[in-house]
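The values are calculated or read from the model by the stated rules, or taken from the named source; none is laboratory data. Since we're looking at a predicted model, the values are computed, not measured. No Cβ is skipped: glycine too gets one built from the backbone with ideal geometry, and neighbour counts run over all protein chains shown. Remember, those area values only see protein heavy atoms, side chains included, never the ligands or the DNA or RNA. Shrake-Rupley method; radii C 1.70, N 1.55, O 1.52, S 1.80 Å.
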Amino acid sequence: MSEAVKVLVTGAGGFIGSHLVRYLKGRGYWVRGVDLKHPEFADTAADEFVIADLRRWEGCQAATEGVEEVYALAADMGGMGFISAHHAAILHNNALINLHTMEAARQNGVRRYLYTSSACIYPEHLQQVAAVKPLREEDAYPAMPQDAYGWEKLISERLAEYYRQDYGMETRIVRFHNIFGPEGTWTGGREKAPAAICRKVAEAKLDGTGVVEVWGDGEQTRSFCYIEDCLEGLYRLMRSDYAAPLNLGQDRLISINELVEMVAGIAGIDVRREHIPGPEGVRGRNSDNTRLRAVLGWEPGVSLEEGMRRTYEWIEAEVSAARSFPVAATTLS
Ligand code: NAD
């Protein structure tokens, strides 16, 4: 590359965004990162990192100035505990972020814009059994997502499609299915199931109790995709000429109970699961990767065991460090 292409990553202080900045730097891009906060677990790899609130128009205008491409990851989000308890704030904040960022990108002449949607857009009634049929992209309509988080994602998907049709901005839309890995939130209320399970198993190991709490009966199912595969898929989609929404995830279905046992095996302990009431989300969810394979000529390859091993090792070290330096840990969460 003679002169590096300039790209913007929004949500660059978050889990996927901070990894994506590093990935794009590795590919020779000049990267601006924008977020409300700096990454929590490592210094950013961005050439420029701007602290800004993307709910505000001025923040979006400045963030999208002078860049050719935008990876739009900023969102007010978390795991089921967070999503099921903050409907109004999520819909309000994320709608503002996406309306303003997309329009500012258009006004600043951005050529390519990748919007990160979610498997949470799929209708609740297609996800009511644990042995669920994998979700195809066209299953999104007629729409009936479970939560405000999914509704907002669906509207912003439409917005991206209309910006492409009406203004010629090349938009891409990815629907993530449970991305996990090191350097993601693991405590504090916004953590998602894989990180929460790793933390609980690490605590059970370090405390010697062997007890792990699970929300509900633990028979609810999901598929989980490792961060390295997520980055590769994101990049391939951005470079492709495919503009319709595309699933990005693994298509291996596993129950929460099975995931707990897998992590306990990695930690080298026996655990006793204690089932307690809690938000469980849909009963089952899996990705149909037929279109992903056809469009990108690729699919996620890191095994769940390998991804969970790397994630568990990182989280166990974090839990241990937090116990050794409790003051520093408080400021982290
Ligand atoms: P994350 O919470 O770690 O990162 C999101 C970042 O957006 C955070 O750092 C947050 O501070 C930032 N943000 C929130 N409000 C902002 C604002 N007003 N202005 C600027 N920045 C703001 O989440 P993540 O897991 O990295 O997810 C990235 C994207 O992928 C999100 O859009 C999310 O909805 C989507 N997604 C993630 C998953 C997953 O499994 N992680 C699944 C489906 C969809």
Notebook entry, point to check: So which pairs qualify, if the first residue must be in the range 147-166 and over 16 Å from residue 243 (Cα atoms) and of a type in the set (Lys, Arg), the second must be within 13 Å of the ligand (Cβ to nearest atom) and at pLDDT below 95, the Cβ gap must be under 8 Å, and the two must be at least 6 apart or on different chains?
Noted result: none
Item checked: Residues being within 16 Å of the ligand (Cβ to nearest atom), open to solvent by 40 Å² or more (accessible area, probe 1.4 Å) and more than 11 Å from the chain's Cα centre (by Cα) - total across the range 5-29 -> 2
Checklist line | Unique match (being touching a helix residue (DSSP H, G or I) at 6+ places or on another chain (Cβ under 6 Å) and buried (at least 18 other Cβ atoms within 10 Å of the Cβ)) among 300, 279 | finding: 300
Check: Restricting to the range 68-116, what's the tally of residues that are farther than 19 Å from residue 50 by Cβ, in a helix (DSSP H, G or I) and either β-branched (Val, Ile, Thr) or at pLDDT 95 or above (or both)?
Finding: 11
Check: Would you call residue 2 of a type in the set (S, T, N, Q), within 19 Å of the chain's Cα centre (by Cα) and either open to solvent by 10 Å² or more (accessible area, probe 1.4 Å) or modelled with pLDDT under 95 (or both)?
Finding: no
Check: What number goes with the only condition from (1) within 10 Å of the ligand (Cβ to nearest atom); (2) open to solvent by less than 30 Å² (accessible area, probe 1.4 Å); (3) in contact with a strand residue (DSSP E or B) (Cβ under 8 Å, 6 or more places away or on another chain); (4) closer than 24 Å to residue 224 by Cα that residue 152 does not pass?
Finding: (3)
Next item on the list: Could you tell me whether the range 169-191 includes any residue that is open to solvent by 40 Å² or more (accessible area, probe 1.4 Å) and of a type in the set (A, V, I, L, M, F, W, C)?
Entry: no
Check: Residues of the range 37-57 being away from the ligand (no atom under 12 Å from the Cβ) and open to solvent by 80 Å² or more (accessible area, probe 1.4 Å), which ones?
Finding: 43
Check: Can you tell me which residue in the range 94-138 is farthest from the chain's Cα centre (by Cα), limited to those that are more than 15 Å from the ligand (Cβ to nearest atom) and open to solvent by less than 20 Å² (accessible area, probe 1.4 Å)?
Finding: 110
Next item on the list: Mind checking which strands (runs of 3 or more DSSP E) fall wholly inside the range 177-281 and carry at least 2 residues that are more than 13 Å from the ligand (Cβ to nearest atom)?
Entry: 211-215, 272-276
